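Notes for the one structure printed next.
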Amino acid sequence: MGLWQIGTDTLARSRFVLSPFAEAFASLRLLHAGTGAHPGEDAWLRAHLPGYRARLAADPTAAPLVQAAIGTSWIADFFCPTSCVGESFEDTVARVRATDAGEARADLRVSLQGPLPSALERDDLPERATALLTYVWEETVRPDWERRRRVMEADMAARTARVNQGGWAAVLDSLKPGTRWLGESRFQVNRNAYPPRELAAGAQLLFMPVTPRTSWVSWEGQERYAVVYPCLGVLSEDHDRRPVPDGLGALIGTARAGLLTLLGTPMSTTQLVAVTGWALGSVGGHLRVLLQAGMVERRRAGRSVLYVRTAAGEVLMDASGSGSGTGTGTGVRKPEPGIPARGRTDHELRAESASGPTPEQPR
């Protein structure tokens, strides 16, 4: 298994951060897979997969480059650098562009675990990788970045609250399939048979959420490590297309019906704002009405206040036919083009990948 030895001070200084580059790379992985796990993801792929495939067809190097860079159990180092705190997509991808051509080819041989195809025996691979990553960012991620950012910020808020409530062990155990705090400073980052890595004193440990359900680990030298993980399921699901029963919307209004539909799982107002895109005041006003009607209740989790359906709310959902799969589908938000993909789960990927700076380490 992939095992990191993490000192107490390093873990205490670790941070949850946003990485636009990680979100773009996660979206590239979904485009590379080409199949969705739910209707919302399928809709996102229908919107963006034709353009992506046309982009690959226009550049004969692009498809073998992506195939080689993503690999089967190791991501090519140069193709997926570890983002710094507060780093923009442009700043991160500039490091891809600055890679030496020989180093890029060596990284690809590691991720392929063998020789390069003839199409990749060239000196402009960093430039071509930069162009493809920029295409994915500009065309499939950036137009919807604000909504994605809200979802990821809500996830980070929920994880931080859980740290305050139950400590880091509870959070690390639930980041993604394969992560587990083993005690005695040992953190299992995945199930792959990699040699253990000891994080040096003073190393920076970052946790980066992405909206597609994919994950990897990466590091830069001995100074910076990152665990990229999928947002909480309740956030990463495609709520925009979750059907709201017509009768329930007519009875209490589509907005409140949409919130009641979401609150089968406890959620904070921050999370509800993230997944609906509504203003905090609107969410709060609708929650007050649902509270007064006894349809939802409040629960405290550490410093967070969570809302969830009551038994009366469940009865109302059942009576309105919520289990039938019928409804308007517009109670939360109107479907928009460019809804972010919520990718396949880790066990559906060919292998969980990692990226790092030294080709001597198995991927």
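For the peptides 126-139, 90-103, residues were scored by their other Cβ atoms within 10 Å and the scores averaged per peptide; the highest-first order is 126-139, 90-103.
The gain in end-to-end length when the residue 127 to residue 42 segment is fully stretched comes to 27.6 nm, 0.36 nm per residue minus the alpha carbon separation. Within the full protein context, the accessible area of residue 194 is estimated at about 30 Å² for a probe radius of 1.4 Å. Listed values for the range 83-95 are Karplus-derived 3J(HN,Hα) couplings in whole Hz (6.51 cos²θ - 1.76 cosθ + 1.60, θ = phi - 60°), namely 5, 8, 4, x, 7, 6, 4, 4, 5, 5, 5, 4, 6, and x replaces Gly and Pro. In this structure the amide hydrogen of residue 37, modeled in the peptide plane, comes within under 5 Å of the amide hydrogens of 42, none closer than 5 places in sequence on its chain.
3J(HN,Hα) couplings calculated from phi for the range 216-224 with the Karplus curve 6.51 cos²θ - 1.76 cosθ + 1.60 (θ = phi - 60°) are, in sequence order, 6, 10, 8, 7, 10, x, 10, 9, 9 Hz; Gly and Pro show x.
Once backbone amide H atoms are built at 1.01 Å from N, residue 190 has 2 as its partners under 5 Å, excluding neighbours fewer than 5 places away on the same chain.
Expressed as a rounded percentage, what relative contact order does the range 62-203 have, with Cα pairs under 8 Å and six or more residues apart?
Details: 116 pairs, mean separation 24.7, N = 142.
Relative contact order, the range 62-203: 17 percent.
Using 7 Å Cα-to-Cβ label points, what is the residue 97/residue 265 separation (nm, one decimal)? Taking the two extended label points, one gets 3.8 nm.
Over the range 122-229, with the other protein chains present, what is the accessible area per residue in square angstrom, probe 1.4 angstrom?
Working: 4140 Å² over 108 residues.
Value for the range 122-229: 38 Å² per residue.
From the alpha carbon centroid of the range 145-203 to that of the range 81-116 is 24 Å. For the range 89-162, the share of accessible area belonging to carbon and sulfur comes to 48 percent (1.4 Å probe, ligands and nucleic acids excluded). What the phi angles of the range 158-164 give under the Karplus curve with 6.51, -1.76 and 1.60, with θ = phi - 60°, is a coupling list of 5, 5, 4, 4, 5, 4, 5 Hz, glycine and proline written as x. Between residue 201 and residue 59, the simple spin-label model (points 7 angstrom out along Cα→Cβ) gives 4.5 nm.
The values are calculated or read from the model by the stated rules, or taken from the named source; none is laboratory data. Nothing here was measured: the structure is a model prediction, and the numbers come from that model. A quick note on method: Cβ atoms are made from the backbone with ideal geometry, for glycine too, and the neighbour counts reach across all protein chains shown. Only protein heavy atoms, including side chains, enter the accessible area calculation; ligands, DNA and RNA are left aside. Shrake-Rupley method; radii C 1.70, N 1.55, O 1.52, S 1.80 Å.
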